[in-house]
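Notes for the one structure printed next.
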Amino acid sequence: MKNFLAKINNSKYFDGFMPVLAALSALAIGAVMLLFLGVNPLVAYRAMWVGAFGSSNALAETIVKAVPLLLIGLGICISFRAKVINIGGEGQMIIGALAATAFGLYVPEMPGWLVIAMAMVAGFFGGAFWGAIPGFLKAYFNVNEILSTVMMNAIAVQLMNFFLRGPMIDPNQAELLSKIPQTARLPEAYHLARWLPTRLHAGVIIAVVLAFVVYLLLFHTTLGYRIRAVGFNPDASRYGGIRVRRQVVIALLLSGAFAGLAGAIQIYGLNYRMITDGSPTGFTGSAGFNGIVTALFGGLHPLGAIPASFFFGALLVGANSMQRISQVPSAFVIALNGLVVIFVVSSALWQEARQRKRRIAEVRDDSPPPSEPDQATQDVSV
C-alpha cells in the first residue's frame, strides 16, 4: 500500500489533478467558514450549483462569464511559457475595448459582419500594443514586468475615464449635469449573434477556436518552440541562436492581444457600449486577474484553459447566487474566491517543484555509473 501511494505521488498524472484537489480543498475550508457563519454548507453549495447550472439561463451566464477568462487565460499561457509574468490583463482588456468601441462608433457605415470583424482586429491590436510596451521595457531595459504591467493598468484606467467622460461620451449624457461615463450604444447590426432568450453570444465560439489555435501555435510552430525554449532556459536559447529579447516582446505582445480581444468581445457580445464606474473592475469584472488563475488551473495549457475557464465562470456566477439565496455576507464570496486563487496558485508552484525534482531524478538515472579503474592503473598507483 505504501509503495502504491508513493507511485501515485510520483506519477505525472497526479500533477494534472493537483489544481482540482486545490479547488476542492478551498471549498472545504469555505464549508468550515459557512458553519461559523451559521449557514448549512450543503444548502449554500447547492445554491451555488443551481445558480451556475440549474437552468439554461444559468448555464448561459456561466459560459458568458467564462469567455473573457478563457481569452485572457490563453494570453497568460503564452507569456508564462516564456517565463514572463503578465499582470496587465486588466489594462490590456480596457485598451482593446476602447479601440474596438471607437471603431464601431466612428467609422463610416459598413456591413455589420465587416465592422464586427474589423473591430475584433482593432481590439486585438489595441491590447497587443499595450502589452508590447512592458515587453519592450523588459527585454531591452530589464524593467520588472510585474511592476510595469501593473502601472500600465493604472494608466489604462485613467485613459478610459478620460475618454468616457470626454471625447467618447454618449451625446445624450454630455448635456446632463450628472454625466454617466459611457459611450453611445453600438448599432444593433454590430452586435455579435446571440442565442435568445439568454445572453449567450458567439464570442464563446471565437474563444474556443482560438484555444486550439494557441495550442497549435505553442506546440506545433517554430515561434511556439522559441517562446517555450526562452522560458525553459534563456541562456541556452541565446546560445542556440534564438533572439531572446524578441521572444520576450512577442510573448507579452500576444498575451496583451488576447486580453484586448476579450475586451472587444465583451463590448460587441454583451454590453454594446463601454461604461465605467471609474475603476477597472467596473468594466472588466476582474477578468484580467482571474484569467491568470484560470491559466494556472489549466496547467498553462491552452486546451486545459477551456474547462478551467468554465469552472471559474461557474464559481463566480454560482457564488453570487449563493449570496442571494443563503444570505451570506458579500465578504464571504470574496474570501471564497481568494481561497480558490491561493490554493490553485500554490498547487501550481508545488507542481513546478515536483516536475523539477522529477527531471533531476531522470537525469541521475540516465547518467552512466562511474567506471572502475583498470588493473594497470591500480598497479601504477600502488
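Screening A117 on (1) modelled with pLDDT of 95 or more; (2) farther than 24 Å from Y215 by Cβ; (3) of a type in the set (A, V, I, L, M) shows it passes everything except condition (2).
The residue that is surrounded by the fewest Cβ atoms within 10 Å (Cβ to Cβ), counting only those in region 312-345 that are aromatic (F, W, Y) and touching a Ser or Thr at 6+ places or on another chain (Cβ under 8 Å), is F343.
Out of region 10-19, which residues are surrounded by fewer than 15 Cβ atoms within 10 Å (Cβ to Cβ) and either at pLDDT 90 or above or closer than 26 Å to I292 by Cα (or both)?
S11, K12, Y13, F14, G16, F17
Search region 192-223 for residues being touching a Lys or Arg at 6+ places or on another chain (Cβ under 7 Å) and not in a helix (DSSP H, G or I), and hand back the single one that is nearest to A119 (Cα to Cα). Let's see the steps before the verdict.
Restricting attention to region 192-223, the residues satisfying the condition of being touching a Lys or Arg at 6+ places or on another chain (Cβ under 7 Å) are 200-201, 218.
Still in the list and also not in a helix (DSSP H, G or I): 200-201.
Working: L200: 19, H201: 16 Å.
Top of the filtered list is H201.
Within region 128-180, being over 22 Å from S279 (Cβ atoms), surrounded by 15 or more Cβ atoms within 10 Å (Cβ to Cβ) and either in contact (Cβ under 8 Å) with a residue 60 or more places away in the chain or in contact with a strand residue (DSSP E or B) (Cβ under 7 Å, 6 or more places away or on another chain) (or both) holds for A128, F129, A132, G135, F136, K138, A139, E145.
Contact annotation: residue pairs with Cβ atoms under 6 Å, 6 or more positions apart or on different chains, pairing a residue in region 259-287 that is without any contact (Cβ under 8 Å) to a residue 12 or more places away in the chain with a partner that is outside any helix (DSSP H, G or I), are G282/T276.
Could we say that R185 is more than 30 Å from L105 (Cα to Cα) and either not in a loop (DSSP other than H, G, I, E, B) or not small (G, A, S) (or both) here? Please lay out each step first, then the result.
Numbers: more than 30 Å from L105 (Cα to Cα): no; either not in a loop (DSSP other than H, G, I, E, B) or not small (G, A, S) (or both): yes.
No.
Of these, R238, R226, which one is surrounded by 16 or more Cβ atoms within 10 Å (Cβ to Cβ), of a type in the set (D, E, K, R), out of contact with any strand residue (DSSP E or B) (no Cβ under 7 Å at 6 or more places or on another chain) and part of a helix (DSSP H, G or I)? Outline the logic, then answer.
Details: R238 fails: surrounded by 16 or more Cβ atoms within 10 Å (Cβ to Cβ).
After ruling out the rest, the residue left standing is R226.
The values are calculated or read from the model by the stated rules, or taken from the named source; none is laboratory data. Keep in mind that this is a model prediction, so the values were computed, not measured. Here Cβ is always computed from backbone atoms with ideal geometry, including for glycine, and neighbour counts include all displayed protein chains.
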